[in-house]
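Enquirer: Mind having a look at this structure? Questions to follow.
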Amino acid sequence: MPLDHFTGLQVVPVNQSNMPQAQSIFFHAYQNNPLLRYFLNATRNGFEQRLRGFIRAQLVSHYHGNNRALAIADGQRLVGAVMINKTTKPDDLSWSWRLAMYSVAGVYYTEQLRSYYQDIAKATAEANYHWLSLVGLHPDYQHQGYGQILMNAAVEDCHADEDFPGLCIDACNKEQQHFFASLGYLNIAEIALPRLDINLMFLGNHTADC
């Protein structure tokens, strides 16, 4: 679905001025995410605080590298946002990320999460890709085609790089897996967790050998 189908919609960078909106979008997008509910122990009090801390840590880690963040906006209101890690892989986590996570999630769950990201890196060791670390839509815009617009914008942004290899994301439930499959993403690996089956899904740039 082309961007111009939605009157007034535009692609904008995620920057300091709209970062609070992006953080809110990511919070709502991941509040019921089974993967983060598992790793951040949603059964304990304080899950929402830990989730906000995780999102802040991800954003800090993201901006330490030469990575990109973009959003689609309806006027001044962000509709959705995506963080594209072009230079760092899922397990390239700095000490600042670890310390921030220790303070919000504790050592045990932080190390479990690090182990998960290391499993992703091992499972995709033969692949070259840009990693989608955070993706979210504002609740008011879900199930209306905006998700496809957001992901198409991410692909178009990446195609500005001559060496763009493709995009990869971890899809942790059937709804996510169906959505990304509908966009042409292929399941390239699986990671099993208690009561969770994670699909690592890849979309090639259709010009490189992926």
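Here, each number is a calculation from the coordinates, and none is a lab measurement. Source: prediction; values computed, not measured. Here the Cβ is made from the backbone with ideal geometry for all residues, glycine too, and neighbour counts use every protein chain on show.
Enquirer: Counting other Cβ atoms within 10 Å, keep those with at most 13, restrict to DSSP loop, and tell me which GluC sites (Glu not before Pro) in region 93-157 are left. Don't skip to the answer; put the middle values down first.
Expert: On the way: sites: Glu111, Glu126, Glu156; in loops: Glu126.
Here the GluC sites (Glu not before Pro) that fit, given the DSSP loop and packing criteria, are Glu126.
Enquirer: If the chain between Lys122 and Arg195 were fully stretched, how many nm would it gain, using 0.36 nm times the residue separation less the Cα-Cα distance?
Expert: Gain on stretching Lys122 to Arg195: 24.2 nm.
Enquirer: If you don't mind, another one. Whats the longest run of the chain with zero trypsin sites (Lys or Arg not before Pro) that are DSSP loop and have at most 11 other Cβ atoms within 10 Å? Before the final figure, lay out each step's value.
Expert: Working: sites that count: Arg44, Arg195.
Result for the longest clean stretch: 45-194.
Enquirer: Within the set of other residues whose C-beta is less than 14 Å from the C-beta of Leu51, count the net charge using Lys and Arg as +1 and Asp and Glu as -1.
Expert: On the way: positive: Arg37, Arg44, Arg50, Arg52, Arg56; negative: Glu48.
Neighbourhood net charge equals +4.
Enquirer: For Gly65, what charge total do you get from the other residues with a beta carbon under 12 Å from its beta carbon, if Lys and Arg give +1 and Asp and Glu give -1?
Expert: Numbers: positive: Arg68, Lys86, Lys89; negative: Asp92.
Overall, the nearby charge balance is +2.
Enquirer: If you don't mind, another one. Where does the charge balance sit around Ile191 when Lys and Arg score +1, Asp and Glu -1, over other residues with C-beta under 11 Å from its C-beta? It would help to have the intermediate numbers written out before the result.
Expert: Values: positive: Lys122; negative: Asp119, Asp170, Glu190, Asp197.
Once positives and negatives cancel, what remains is -3.
Enquirer: First check a/c for region 16-101, with a ≥ b ≥ c the square roots of the eigenvalues of its C-alpha gyration tensor; if it is under 1.5, answer rounded, and if not, answer prolate when a/b is larger than b/c or oblate otherwise. Present the calculation step by step, with values, prior to reporting the outcome.
Expert: Numbers: a/c = 2.00, a/b = 1.16, b/c = 1.73.
Oblate.
Enquirer: Also, quick follow-up: Quick one: length gained pulling Phe27 to Glu48 fully straight, 0.36 nm per residue minus the C-alpha distance? Don't skip to the answer; put the middle values down first.
Expert: Values: separation 21, 0.36 × 21 = 7.56 nm, distance 0.84 nm.
Additional length available on full extension: 6.7 nm.
Enquirer: Given Tyr30, Thr43, Leu113, which one lies farthest toward the positive end of the charge dipole of region 3-162, if we put +1 on the Cβ of every Lys and Arg and -1 on the Cβ of every Asp and Glu?
Expert: Thr43
Enquirer: Kindly identify region 119-179 as rounded, prolate or oblate by the Cα gyration tensor criterion: order the square roots of the eigenvalues as a ≥ b ≥ c, call it rounded if a/c is under 1.5, otherwise compare a/b with b/c, prolate if a/b is larger, else oblate.
Expert: Details: a/c = 2.83, a/b = 1.33, b/c = 2.13.
The shape class here is oblate.
Enquirer: Among all the aspartates and glutamates, which ones have a C-alpha under 18 Å from Lys174's C-alpha, if same-chain residues fewer than 8 places away are not counted?
Expert: The reachable aspartates and glutamates, counting only those whose Cα sits under 18 Å from Lys174, are Glu190, Asp197.
Enquirer: Take Ser17, project a point 7 Å from its Cα along the Cβ direction, then tell me which residues of region 59-77 have their backbone nitrogen under 16 Å from it.
Expert: Under 16 Å, as judged by backbone N against the label point of Ser17, lie 70-77 of region 59-77.
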